[in-house]
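What follows is one structure encoded as structure tokens, with my remarks underneath.
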Amino acid sequence: MIAVEGLRKRFGRHLALDDLDFVVPEGEIFGFLGPNGAGKTTTIRILATLARPDGGSARIAGVAVDRDPYGVQRVVGYMPDFFGVYDRLNATEYLEFYGACHDLPAPRRRRVARELLELVDLTARASDQVDTLSRGMKQRLCLARALVHNPQVLLLDEPASGLDPRARIEMRDLIRELRRMGKTILISSHIVPELEELCTWIGVIDRGRVVEVGPKADVLRRATAGQRLRIALAGAGDDRLAAAAARVGTWTGVLDVEVVDGCLEAAIGPDLAAHRLLRDLVEAGFDVAEFTPLAGSLSDLFMRLTGDPEPPARANEEGG
Amino acid sequence: MDWRRSLRRVFLNPLVTKDGLSRMRSWRAPGAIALYLGLLGGFGVLVLRVALGAGGQSGGYTQSGGYAQIGSAVFTAMAMLQLALVCLFSPAVAAGAVSAERERQTLDVLLVSGVSPLSLVWGKLVASVAFILLLVVAAQPLFATIFLFGGIDFQQFAIAQLLTATTALAAAAVSLLFSVLFRRTLLSTVAAYAATFAGTVGTWVLGVILTIGAASQRTGFPELNPLMLFNPIQAMLMILQVPVIGVTVPAARRSTTLYTGLAGLVVAPPVEPWMVTVAAESVLVILCAAAAVLLLRGQRPMPWSLEPRVEPVHPGVEPQDQPVR
């Protein structure tokens, strides 16, 4: 549904997107993950026809974003990370206005506004002026606005930013509901657990390049390929732990061993057979009380893939 | 975007409805109408009292044609004030049309909602001018009462209103261009007022100085400087036959004056100066609207554009880019 190939975008001397490639299959929730400034917002703005790429191509539902922006706008609903609302318009009028922008006939506009307000649970606030709504309600209203022309694809840039936990859960449920309605959804975020729970596909972007992409299960499997083991020894003192660490460290395939909270944690490569390491420790006389592979998570993968030292100036930046 | 949709957007632009609804729900709209009518009516009454007082002292207003002179004087004063007021109101209404959308972060959403830059500029221009025209229309009963005195024919009245309307449109178009050019409404408003002042009072004063300078070097009927022929103040004064620089330009001389001043021709078709002004203002509207559309499209980087080409201060910061159209 979304196909991005070799996308490049430069702002002055800064290369924001560097040969970006990824695809989003139809009907999936694609989590676009990356640290602040990685290029998420630039990518989404290009897909939404708000920015022009310097090179490469991007297609949504077969329509090239730089060749036919109006064609893209017909199939895309866009929700920016920061947005405002008009004052002195109520929620129904707000949606009807955008319906008119998308050339919906007046009777259909009213019906669509009513249905969308119901979908985002704002029917009770239909007559309230939009600038009096809470942040969470405005987010939901903005999502309803993005749906006013019934697009196939939704581009949501940090849809849950600034929301309280309850509003986040409501937003998450809403996005799931939209997937059930057949929408293809691309969500950008730098909040990993949020995406891990919600998405079916994951793309990790760092410094303008996609460093990992695929179905969530595959990405997580790859994340655990080089796993960590937690090894607890019964009644072991510091000397005993140090001896065990030294023995574990002699194994080929063990990348690193450290003592964490009175236990050993070993990073092992994919070629190491963990059961042989366990047998060796037992045969060496260590009383192994726990030998547990630590579950790989998207957070681990994210930290590993985007963990290169950053220039100091990036530390306090917002946006992505 | 097909032509039928474009045509529909000309007459049924959702922005006009939305902006109109928003504007009329604010206390500012009735406040502006009340202020406008109050100033115009108050000024008219003041001029009327002065004229009646002057006429009473000389016994002039009781003579034949005295009321007509009073009517003409009051109408002229009110028409000039109306021109000044629309020049004051137009930038206030139009200078924030696009920059305010940017400031409240609604422009991006608008541009991905099937609204083309042309449709956006057209909608904003119509919405702004519609309010100014509402003020002009609301003032018509005030002007109508002046007809009771006589001294003004319908043609003068109609042309004065047309000139006021086109001047309002031109001021709104210039203000709208600044609204696209500048990110901040405050800045665009200041620039719009400066441009409107320069284009009306500035060119008129300059034209008067140049005309006086030229008249001192020649004898006979003073030629108006061509600059003044594009000036709405001068056009209004000539419609109302107000003497400028000590002379009233007779109707028979106007067209000749125009063409002599412009191209040195002696024989010319009968073109009235107000026609030149209206035509010039219409061209200005088209140019400003076209420039605004091109700026919004972001396809014509203009060297004089005051929108900086945003570059990140640090690697990783992603500036807001111009939209693709």
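A quick yes/no check of all residues on (1) buried (at least 21 other Cβ atoms within 10 Å of the Cβ); (2) more than 12 Å from the chain's Cα centre (by Cα); (3) of a type outside the set (V, I, T):
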{"position": "B:L133", "(1), (2), (3)": "no, no, yes"}
{"position": "B:Q140", "(1), (2), (3)": "no, yes, yes"}
{"position": "B:T145", "(1), (2), (3)": "no, yes, no"}
{"position": "B:L148", "(1), (2), (3)": "no, yes, yes"}
{"position": "B:D153", "(1), (2), (3)": "no, yes, yes"}
{"position": "B:L177", "(1), (2), (3)": "yes, yes, yes"}
{"position": "B:R183", "(1), (2), (3)": "no, yes, yes"}
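If I filter segment B:107-130 for residues that are farther than 30 Å from A:L104 by Cα and assigned to a helix (DSSP H, G or I), do I get at least one hit?
No: zero hits.
Taking A:G37 as meeting all but one of (1) in contact with a Pro (Cβ under 6 Å, 6 or more places away or on another chain); (2) at the interface with chain B (Cβ under 10 Å from one of its Cβ atoms), write down the number of the exception.
It is condition (1) that A:G37 fails.
I'm trying to understand the selection: among the residues of segment A:1-14, which are farther than 13 Å from A:I205 by Cβ, assigned to a strand (DSSP E or B), of a type outside the set (F, W, Y) and within 13 Å of chain B (Cβ to nearest Cβ)?
A:R10, A:H14
Mind checking which residues of segment A:276-320 are at pLDDT 75 or above, out of contact with any strand residue (DSSP E or B) (no Cβ under 9 Å at 6 or more places or on another chain) and in a helix (DSSP H, G or I)?
Of everything in segment A:276-320, those that are at pLDDT 75 or above, out of contact with any strand residue (DSSP E or B) (no Cβ under 9 Å at 6 or more places or on another chain) and in a helix (DSSP H, G or I) turn out to be A:R276, A:R279, A:D280, A:E283.
Which of the residues that make up segment A:192-206 are assigned to a strand (DSSP E or B) and either crowded, with 24+ Cβ neighbours inside 10 Å or touching a Lys or Arg at 6+ places or on another chain (Cβ under 9 Å) (or both)?
A:W201, A:I202, A:G203, A:V204, A:I205
For segment B:64-106, which residues satisfy the criterion of being more than 23 Å from the chain's Cα centre (by Cα), within 30 Å of A:D81 (Cα to Cα) and not in a helix (DSSP H, G or I)?
B:R104, B:Q105, B:T106
So which pairs qualify, if the first residue must be in segment B:185-212 and under 15 Å from B:F230 (Cβ atoms), the second must be surrounded by fewer than 19 Cβ atoms within 10 Å (Cβ to Cβ) and not hydroxyl-bearing (S, T, Y), the Cβ gap must be under 7 Å, and the two must be at least 6 apart or on different chains?
Partner pairs satisfying both residue conditions: B:T203/B:L227; B:L206/B:L227; B:G207/B:L227; B:V208/B:I245; B:L210/B:L227; B:T211/B:P222; B:T211/B:I245.
For segment B:185-219, what are the residues that are surrounded by 22 or more Cβ atoms within 10 Å (Cβ to Cβ) and farther than 17 Å from B:V276 by Cβ?
Within segment B:185-219, B:S188, B:A192, B:T196 qualify.
Where residues in segment B:1-56 are exposed (fewer than 13 other Cβ atoms within 10 Å of the Cβ), within 30 Å of A:D128 (Cβ to Cβ) and at pLDDT 90 or above, which of them is farthest from the other protein chains (Cβ to nearest Cβ)?
Looking at the filtered set, the residue picked out is B:A34.
In segment A:247-275, which residues are out of contact with any Leu (no Cβ under 7 Å at 6 or more places or on another chain), of a type outside the set (S, T, N, Q) and assigned to a loop (DSSP other than H, G, I, E, B)?
Once the filter is applied, which keeps residues that are out of contact with any Leu (no Cβ under 7 Å at 6 or more places or on another chain), of a type outside the set (S, T, N, Q) and assigned to a loop (DSSP other than H, G, I, E, B), segment A:247-275 yields A:D261, A:G262, A:P270, A:D271, A:L272, A:A273.
Quick one: would you say B:L177 is without any contact (Cβ under 8 Å) to a residue 40 or more places away in the chain and either β-branched (V, I, T) or in a helix (DSSP H, G or I) (or both)?
No, not satisfied.
Based on this model, can you work out whether A:A58 counts as within 12 Å of chain B (Cβ to nearest Cβ), part of a strand (DSSP E or B) and surrounded by 19 or more Cβ atoms within 10 Å (Cβ to Cβ)?
Yes: the conditions hold for A:A58.
B:L120 is checked against (1) modelled with pLDDT of 90 or more; (2) out of contact with any helix residue (DSSP H, G or I) (no Cβ under 6 Å at 6 or more places or on another chain); (3) surrounded by fewer than 23 Cβ atoms within 10 Å (Cβ to Cβ) and fails just one. What number does that condition carry?
Evaluating B:L120 over (1) modelled with pLDDT of 90 or more; (2) out of contact with any helix residue (DSSP H, G or I) (no Cβ under 6 Å at 6 or more places or on another chain); (3) surrounded by fewer than 23 Cβ atoms within 10 Å (Cβ to Cβ) leaves (3) as the failure.
Would you check which residues across segment A:282-295 are within 40 Å of the chain's Cα centre (by Cα) and within 14 Å of A:R240 (Cα to Cα) and list them?
A:V288, A:A289
The values are calculated or read from the model by the stated rules, or taken from the named source; none is laboratory data. All of these numbers come straight from a predicted model, not from anything done at the bench. Backbone-built Cβ (ideal geometry, glycine too); neighbour counts: all protein chains shown.
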